[in-house]
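Encoded as structure tokens, the structure appears first; notes follow it.
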Amino acid sequence: MTVRAVIAVADGVDELECVTLINVLRRADIEVIVASIEGRRMITCERGTRLTADAMLIDVLAQRFDLIALPGGMPGAERLAEHPPLAERVRQQAKAGLLFAAIGEAPALALQQYGVLRQRRMTCYPAFSDRLSGCVFVDQPVLVDGNCITSQGPGSALEFALTLVEQLLSKAQRRQVAADMRVL
């Protein structure tokens with residue numbers, strides 16, 4: 001059975017967070033769909049890097065995914081937070097017990113707004129922790145709380161992506177991908 005992940009992207013997402021997720025998950029042979037919320041496939045990341053999405057999010061929302069992941073970056077995380085179809089899909093994912101994840105500003109902005117952090121331990125870019133309510137902020141690079149995985153930002157993107165590989169596949173797969181990338 002193929003393991004599938006969708007990474008939702010918008011103008012202003014952090015390119016390091018986004019591309020690290022795409023790259024590491026694909027190294028683990030996870031089918032990754034990069035899906036734009038922008039009404040066009042080409043997006044411009046936070047620092048000017050252009051990225052071409054595989055699909056439009058609206059066209060893949062009905063599909064089953066083992067993981068929905070949101071990169072941070074500004075204003076990308078705000079744009080993801082303000083997208084009602086994505087919000088509803090993440091709520092469905094959470095309710096079904098399937099994995100959902102966010103990094104950087106996205107946990108505090110998007111996941112908080114979607115209402116999927118209630119009673120959870122989580123992390124985010126620390127400067128955004130004051131925007132949280134109904135959950136417990138933990139100041140650590142990556143945090144797994146059940147089916148919710150969160151991370152603090154670009155510096156923790158590799159650890160975050162490897163944690164997603166572990167959650168989707170296994171510790172052995174995580175170790176293999178890390179070894180192949182020469183992560184010491």
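Some values worked out for this structure:
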quantity	calculated
Where Arg64 falls short, out of the listed (1) buried (at least 21 other Cβ atoms within 10 Å of the Cβ); (2) not in a strand (DSSP E or B)	(1)
Given (1) out of contact with any strand residue (DSSP E or B) (no Cβ under 6 Å at 6 or more places or on another chain); (2) closer than 29 Å to Lys95 by Cβ; (3) surrounded by 22 or more Cβ atoms within 10 Å (Cβ to Cβ); (4) of a type outside the set (Phe, Trp, Tyr), index of the condition Asp29 fails	(3)
Members of the range 118-144 that are farther than 22 Å from Ala28 by Cα and in contact with a strand residue (DSSP E or B) (Cβ under 7 Å, 6 or more places away or on another chain)	Arg120, Arg121, Met122, Thr123, Cys124, Ser129, Cys135, Val136, Phe137, Val138
Residue within the range 98-118 that is within 13 Å of the chain's Cα centre (by Cα), of a type in the set (Asp, Glu) and crowded, with 22+ Cβ neighbours inside 10 Å present	yes
Filter result (in a loop (DSSP other than H, G, I, E, B) and surrounded by 14 or more Cβ atoms within 10 Å (Cβ to Cβ)) within the range 36-50	Ile37, Glu38, Arg41, Cys45, Glu46, Thr49
Count - residues of the range 140-166 that are crowded, with 21+ Cβ neighbours inside 10 Å, of a type in the set (S, T, N, Q) and over 12 Å from the mean Cα position of the chain (by Cα)	1
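Rundown of residues vs (1) over 17 Å from Asp14 (Cβ atoms); (2) part of a strand (DSSP E or B), yes/no style:
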site: Leu109; (1), (2): no, no
site: Val116; (1), (2): yes, no
site: Cys124; (1), (2): no, no
site: Phe128; (1), (2): no, no
site: Gly134; (1), (2): yes, no
site: Gln140; (1), (2): yes, no
site: Leu143; (1), (2): yes, yes
site: Ala157; (1), (2): no, no
site: Phe160; (1), (2): no, no
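Every number here is computed from the coordinates shown, using simple stated rules; none is lab data. The model shown is predicted, which means the values in this text are computed figures rather than measured ones. Every residue, glycine among them, receives a Cβ derived from its backbone with ideal geometry; neighbour counts consider all protein chains shown.
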